[in-house]
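Asks: One structure coming up, written as structure tokens, with questions to follow.
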Amino acid sequence: MRALVFLSLLIALPLTAADYNEWQLQALSSSITDLQQKYPDDYKGQDYLARLKALQKAGTSSANFQAKLRRLKRDALLAHPLLAGQSIVAIKVTMVKRLTKNDSNSMAAIGLPETHLSLSNYLNAGAAGSIVKLSSLGMKEKSIVPARPKTLIADLDLHWDTKRLLFARPHENSWKIFEIGTDGSGLRQVSKNENDVNVYDPCYLPNGQIIFASDAPVQGVPCWHGIEKKVANLYVMNADGGGVRRLCYDQDHDMQPSVLNDGRVVFNRWDYTGMNRLFNRQLIAMHPDGSGQKALFGSNTWYPNSIYSPKAIPGSKKIVGIIGGYHRSSRCGYLAVLNPSRGNGGKKMIETVVTGRPGKHKEVIMDRLTENVFPKFSHAFPIDEQYALVSVRLRKETMNFSICLADVHGNVTMIKTDPRHSYLKPALLRERPGPQ
């Protein structure tokens, strides 16, 4: 069966420029029509469809076709009524030179480590990180947390009220957790960990506590034969950093916790067991106190290897996440929408896979599933069931991640880019209802 899958990839006909352009026009038409139907009073869909029709009539080989299409896509899709005129917060990281022939070390240096590693292995990554506020969808940029030389910032988590956020940053030789107002005021260190313990992956809980990951168990990934590369388990603490309690007791990584709309916590757990360790990363759901741990997705399935960075869609039971491989994936890959109402057996929960390319998504069972996938998605922040802010590395030739709007119709629309920096973990500064 696997041989047939690979054969189908090899004999697929090459995509022509004309085919690609026609697909772009169809994807844009689908999104404009969708927004017009959802927001008839707040979205000028007829105007955008008229411009699209004129562009189609001129033909894909007409002068300046690509430039006109990019302009129309940006005008039409960034006019989404839940997005238009809003501000975004994101991590901004200075780019580093490609460090090796494969990209995994360079990706780790900006805060995207390999799947079997954690941030505790990157205290001195070499990249300067800051947190910025992008007003009017990136037209203006303001620093909230200024950059420090060779000091990374990771794991931005925006509170539902949008007035504050959590992040992790190295301080006094270990990763610590901080909080700051989205206006740049009130910076404080939340965690009280000693300098031989790292804490990161912070996430607000509905009860006012904070869940986070830590290498305090002093456990190592088995293939590293010791504790050279420590794994993280999940803990909880009070808002003032006190009352720390361990929630998970697992051999390997528990990471990337976030809160579902029903108040449960979802996170990525790696079960390093047997030959299928390359494919055995499950999404686990539990109550905020650590009770009721249960597989939400990925139990007894070979595809995909994992779903990274899960996040609940506002007002929905659905979840967005990133389909990624194992080695050399850096927790990046395809954008996916999961529907838990379909059940958690096998891969049937996967409702939509967004690749940013034409054609039906092909399921391939392999280790380095998303090593050479472009565009390469990371950290989605859902706006609704069809649209999400996402960090995207658009091409293999460029290392930087940009902020884009992606949708289930296949469009990837640029919001903010800078060849000298990467923008990671974007979050929309629009108040959301808390978990019910």
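Asks: Please indicate, with yes or no, whether at least one residue in the range 365-372 is basic (Lys, Arg), on the phi > 0 side of the Ramachandran plot and either in contact with a strand residue (DSSP E or B) (Cβ under 9 Å, 6 or more places away or on another chain) or part of a loop (DSSP other than H, G, I, E, B) (or both).
Replies: no
Asks: What is the residue count in the range 417-431 for residues that are among the basic types (Lys, Arg), surrounded by fewer than 20 Cβ atoms within 10 Å (Cβ to Cβ) and in contact with a Leu (Cβ under 9 Å, 6 or more places away or on another chain)?
Replies: The qualifying residues number 1.
Asks: While we're looking at this one, here's another question. Cβ-Cβ under 7 Å, sequence separation 6+ or interchain: first residue in the range 70-98 and over 21 Å from Glu141 (Cβ atoms), partner surrounded by fewer than 17 Cβ atoms within 10 Å (Cβ to Cβ) and aromatic (Phe, Trp, Tyr). Which pairs?
Replies: Pro81/Tyr39
Asks: Within the range 118-127, track down each residue that is surrounded by 19 or more Cβ atoms within 10 Å (Cβ to Cβ) and over 17 Å from the mean Cα position of the chain (by Cα).
Replies: Result: Ser120, Tyr122, Ala125, Ala127.
Asks: Let me spell it out: the conditions are (1) surrounded by fewer than 19 Cβ atoms within 10 Å (Cβ to Cβ); (2) not in a loop (DSSP other than H, G, I, E, B), and Glu194 meets all of them except one. Which number is the exception?
Replies: Exception for Glu194: condition (2).
Asks: Can you find even one residue in the range 106-125 that is out of contact with any strand residue (DSSP E or B) (no Cβ under 7 Å at 6 or more places or on another chain), touching a residue at least 24 places away in the same chain (Cβ under 8 Å) and among the charged types (D, E, K, R)?
Replies: yes
Asks: Going residue by residue through the range 39-57, is there one that turns out to be modelled with pLDDT under 95, in a helix (DSSP H, G or I) and closer than 30 Å to Lys150 by Cβ?
Replies: Looking through the range 39-57, none of the residues is modelled with pLDDT under 95, in a helix (DSSP H, G or I) and closer than 30 Å to Lys150 by Cβ.
Asks: Within the range 230-338, considering only strands (runs of 3 or more DSSP E) that don't extend past its boundaries, which have at least 2 residues that are not hydrophobic (A, V, I, L, M, F, W, C)?
Replies: 233-237, 254-259, 265-270, 281-286, 306-312, 319-324
Asks: Which ones in the range 215-254 are of a type in the set (Ser, Thr, Tyr) and either buried (at least 18 other Cβ atoms within 10 Å of the Cβ) or modelled with pLDDT of 95 or more (or both)?
Replies: Tyr235
Asks: Can you find, within the range 167-191, the residue that is surrounded by the fewest Cβ atoms within 10 Å (Cβ to Cβ) among those that are assigned to a loop (DSSP other than H, G, I, E, B) and acidic (Asp, Glu)?
Replies: The qualifying residue surrounded by the fewest Cβ atoms within 10 Å (Cβ to Cβ) is Glu172.
Asks: Taking the range 215-251 as the search range and keeping residues that are acidic (Asp, Glu) and touching a residue at least 40 places away in the same chain (Cβ under 8 Å), which one is nearest to Arg188 (Cα to Cα)?
Replies: So, considering only residues that are acidic (Asp, Glu) and touching a residue at least 40 places away in the same chain (Cβ under 8 Å), the one nearest to Arg188 (Cα to Cα) is Asp240.
Asks: Here's a follow-up. I want to confirm something. Restricting to the range 386-409 and keeping residues that are buried (at least 18 other Cβ atoms within 10 Å of the Cβ) and outside any strand (DSSP E or B), which single residue is modelled with the lowest pLDDT?
Replies: Out of the qualifying residues, it is Met399.
Residue-wise test of (1) modelled with pLDDT of 85 or more; (2) not charged (D, E, K, R).
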residue: Ile284; (1), (2): yes, yes
residue: Ser316; (1), (2): yes, yes
residue: Arg331; (1), (2): yes, no
residue: Gly346; (1), (2): no, yes
residue: Lys360; (1), (2): no, no
residue: Arg368; (1), (2): yes, no
residue: Asp384; (1), (2): yes, no
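Asks: Please find, within the range 204-229, the residue that is nearest to Asn121 (Cα to Cα) out of those that are more than 25 Å from the chain's Cα centre (by Cα) and part of a loop (DSSP other than H, G, I, E, B).
Replies: Glu228
Asks: Same structure, new question: Would you mind finding the one in Lys150, Lys140, Lys163 that is within 16 Å of Leu123 (Cβ to Cβ) and either crowded, with 20+ Cβ neighbours inside 10 Å or free of Cβ contacts under 8 Å to residues at least 60 places away in the same chain (or both)?
Replies: Only one candidate qualifies: Lys150.
The values are calculated or read from the model by the stated rules, or taken from the named source; none is laboratory data. Predicted, not measured: the structure shown is a model, and the values here were computed from it. A quick note on method: Cβ atoms are made from the backbone with ideal geometry, for glycine too, and the neighbour counts reach across all protein chains shown.
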